[in-house]
Structures are given as C-alpha cells and as structure tokens.
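Structure first, commentary second.
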Amino acid sequence: MADHAEPDLSPDTQVVALGRPQPRPGAAVNAPVELTSTYHAGGDLDYGRSGNATWTAFEEVLGALEGGMALLYASGLAAIDAALSLVPTGGVVVAPRSAYGGTVTTLTQRSDDGSLTVRWADLTDVGAVRDMLPGAALLWVESPTNPLLEVCDVPALVAAAHEADVVVVMDNTFATPLLQRPLADGVDVVVHSVTKYLSGHSDVILGAVVTPASDEGRARQERLLRHRTMRGAIPGPMEAWLAVRGIRTLHLRVARATANAGELARRLRGHPSVERVRYPGFGAIVSIETIGGAEAAERVCGATRIWVHATSLGGVESQLERRRRHANEPPTTPDNLVRLSVGIEDVDDLWRDLDAALRKA
Ligand SMILES: *Cc1c(COP(=O)(O)O)cnc(C)c1O
C-alpha cells in the first residue's frame, strides 16, 4: 500500500489515489477482494479476523481524510460499540438526548443493564454540558444530529471535556470528513457509519473508528484493534471492496448532493404544505415537518416516484422517511418530521416529485 501520510494531497486526490497496491510492473491497479481466512506465516497479516488487505485499503483512505488511523467494522453500530468499550464498567457517558436512534437505544440499554451510566444533555448548550462533565469518562458528540440537524460548537465542547479529563467521541457520519474534520478540533475518537456517504451506494453495511496519530491515539487504536479482533465484529472483504469502490467518488457525490440539498431547502421554505424546514447550511440531509401531522407525513413518503421511501441515507439515490415510524426513535423527533436524504439526481426532477407528493398529501 502507498504511504499513509500524504499530507500534501487534497482530499479530492486522496479518495482517488490512496488505498492502492504498490505500483510495481504487472501489479493490479486496485486492491483485490482478498477472500482468505488466513495468511502464510511470517508476514504482516496473520489470521483473517485480525486483518485483511481489502480492509487496509479502505482504512488507508479514510484515515488520510480524517487525519488519523482508521479501523473498519462490520457496521456503524459495531463501531459505536467499539468506541463505547473505552468506557470502564459503570462509567459515565454524557450523551445527546437527540441523536441517531441506534446510539440512543444502545446507551439506554446499557444504562438499563447497569454497564454504564448516561447523563443526557442538550449539546447545543455548552454551559449545561460543562456542568455534567465532572466525573464522566466520555462525551458523545453528534453534529449535525440525526434527524434534527442541530449543530454544536465542537471546539468549545472539546475544551470543556478535556478540562474535565473526559474523552470525546464524535459521530461524523452526516458531514463526512470532506465537510468537517473532528480530529483537527481535538476530538479523540471519530466514528462513522460507512454504510452512508462513505460507501454511498446503499449496497453495504459497514462502520469505522478513527483515532489521531498521537501517543494517546495510538494507544486507543491498539485497544480498539484488540476489541475488534476479540469481539469479532469484522467486515467482509467484499463489503470492504465495495466501500473502496464507493469512496473513490465521495467528493463528487458530496458536492452534488449538497448543492441539490441547499436548493431544495430553499424551495421548501416557501411550500404551503411544509411547516418547518431544517437545514444547517451544509451537507445533504434536509428535515421537514409537514402540515397535517404524522398521517400527512406518511402519505408524502408513500406518494413519491423518484424519492425512495426507505430508512437510510447517504446513497446516490434520494430517500425519505418519517422517522417516528420507528419505535426506537427518540421522542425529541417531531411526529411529522420527514427526513430527506438528498441524492445526486437532477434537482428539478427531485423538486417536481417532492412538490407533487406534498401537494397530494
Ligand atoms: C446509520 C447511522 C449509524 C449506524 O450505522 P449502521 O451502519 O447502520 O450500523 C450511526 N450513526 C449515524 C449518524 C447514522 O446515520
């Protein structure tokens, strides 16, 4: 593989150039799907649960983009679970009341079974978070949040946490490292659902954890690697290969989807069927609250032709859903909120389809 660092390259070049085999005459241009459970003794790779060259290819690209060292996992939730393994048994986690439903659910379950204690916070209120930090082991940050799209002051939260000796983990799924690099703001551990923008084609479930190349970061990376190897939440080589294939166009997809999202948010603001539009000014997720409550919101989701009614985001195709149709969605999400994951289609086609569905509902 090429050298990890490459700090002189722009992210747009890193996504294309990194994670490739050494350029020797006759060598393949792309990392192969390395379907093997074990390796001949004496090399860097040993057994397929501890490492795989196709994982390494993806980890090299994502590590460079985030400015750290990445580990690939079987899902975003496996990556979240790995990050939470940094909390000692019974330790305190300060976490957002409103965040990705899976994170809220896993924290709630662990607090119910007594393996950790959660202090729920509003992360947009730095003062309130600061008051909750003393004695905590970890601060969980998500920004923008899923699906309320709240944005918090990451450097201020990091400063408050580090003053209290608290480790900061941040879920960077929504922004991607192209729009936001948490490690540069002092965050200690970044997690991703690679399922979303990084892979970008709604064809794999994967996750990742990234730590900085500092001494502390390296020590955490070793702990996380041991955790991945021993818990066994490892990605499949085929999924890793698809993620490498997907991330090659990350910059193009994010740029197009973001431009589409900004335009749709602008047009939706004047729409007679829409009560409220949430868009933080970057990224490709727009959340709307429809007039007519949950029923109208459901009808909108069922009435589109191009927009796919499904629960995910970050794919090339535009998707929408009413989040509260899921029982585990935090009650902080309004009942009539429809989350729009804007894709890379023609923006006028997307608008006509959505506008017609909204008017019908
Ligand atoms: C989807 C998602 C996850 C979970 O990832 P999976 O790959 O589905 O396990 C975590 N965080 C955010 C913000 C997400 O949107």
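The values are calculated or read from the model by the stated rules, or taken from the named source; none is laboratory data. Small disclaimer: the values here were computed from a predicted structure and weren't measured. Glycine gets a Cβ as well: all are built from the backbone with ideal geometry, and neighbour counts include every protein chain shown. With ligands, DNA and RNA removed, areas are computed over all heavy atoms of the protein, side chains included. Shrake-Rupley method; radii C 1.70, N 1.55, O 1.52, S 1.80 Å.
Observations
- Between residue 38 and residue 317, the contour length at 0.36 nm per residue exceeds the alpha carbon distance by 96.7 nm.
- When a 1.4 Å probe is rolled over the protein heavy atoms, the share of accessible surface on segment 53-191 that falls to carbon and sulfur comes to 49 percent.
- The fraction of accessible area contributed by carbon and sulfur in segment 250-360 is 50 percent, rounded to a whole number (1.4 Å probe; ligands and nucleic acids excluded).
- Furthest towards positive pole of dipole, 57, 184, 89, structure part the chain, Cβ charges: 57
- Whole-Hz couplings from phi, Karplus 6.51/-1.76/1.60, listed for segment 18-33; x for Gly and Pro: 7, x, 10, x, 3, x, 9, x, x, 6, 5, 6, 10, 5, x, 6
- Global form of segment 63-167, assessed from the alpha-carbon gyration tensor, a/c cut-off 1.5: rounded
- Over the chain, relative contact order from alpha-carbon pairs under 8 Å, at least 6 apart, %: 16 percent
- Positive-pole candidate from 213, 311, 132, dipole of the chain, charges at beta carbon: 311
- In this Cβ point-charge picture (+1 for Lys and Arg, -1 for Asp and Glu), segment 161-264 has a dipole of about 500 debye about its Cα centre.
- Rolling a 1.4 angstrom probe over the protein heavy atoms with all chains in place gives the chain an accessible area of 42 Å² per residue.
- Virtual spin-label span in nm between residue 106 and residue 346, 7 Å along Cα→Cβ: 4.1 nm
- Top of 283, 67, 26 by mean-square fluctuation, Gaussian network on the chain, Cα under 10 Å: 26
- Sum of -39500 (n - 2.57) over DSSP H runs of 4+, divided by residues of the chain (222 nm, nearest 500): -11500 deg cm²/dmol
- Our note on the geometry: Cα centres of segment 301-361 and segment 116-187, 27 Å apart.
- From phi via Karplus (6.51, -1.76, 1.60), per-residue ³J(HN,Hα) for segment 184-191 in Hz, x at Gly/Pro: 5, 8, x, 4, 8, 9, 10, 10
- Charge dipole (the chain, unit charges on Cβ, about Cα centre) - positive-most of 80, 36, 327: 327
- Prolate/oblate/rounded label for the chain (Cα gyration tensor, a/c 1.5): oblate
- DSSP beta bridges fully contained in the chain are about 60 percent antiparallel.
- For segment 110-162, the gyration tensor built on C-alpha atoms gives an oblate shape. Its axis ratio a/c (a ≥ b ≥ c) is at least 1.5, and a/b is not larger than b/c.
- Gaussian network model of the chain, Cα within-10 Å springs - most flexible of 98, 199, 85: 85
- Share antiparallel - DSSP beta bridges, segment 135-270, percent rounded to 5: 35 percent
- Net charge dipole, the chain: roughly 740 debye, given to the nearest 20, about the Cα centre with Cβ charges of +1 for Lys and Arg and -1 for Asp and Glu.
- Computed from point charges on the beta carbon alone (+1 for Lys and Arg, -1 for Asp and Glu), the dipole magnitude for segment 250-360 about its Cα centre is near 180 Debye.
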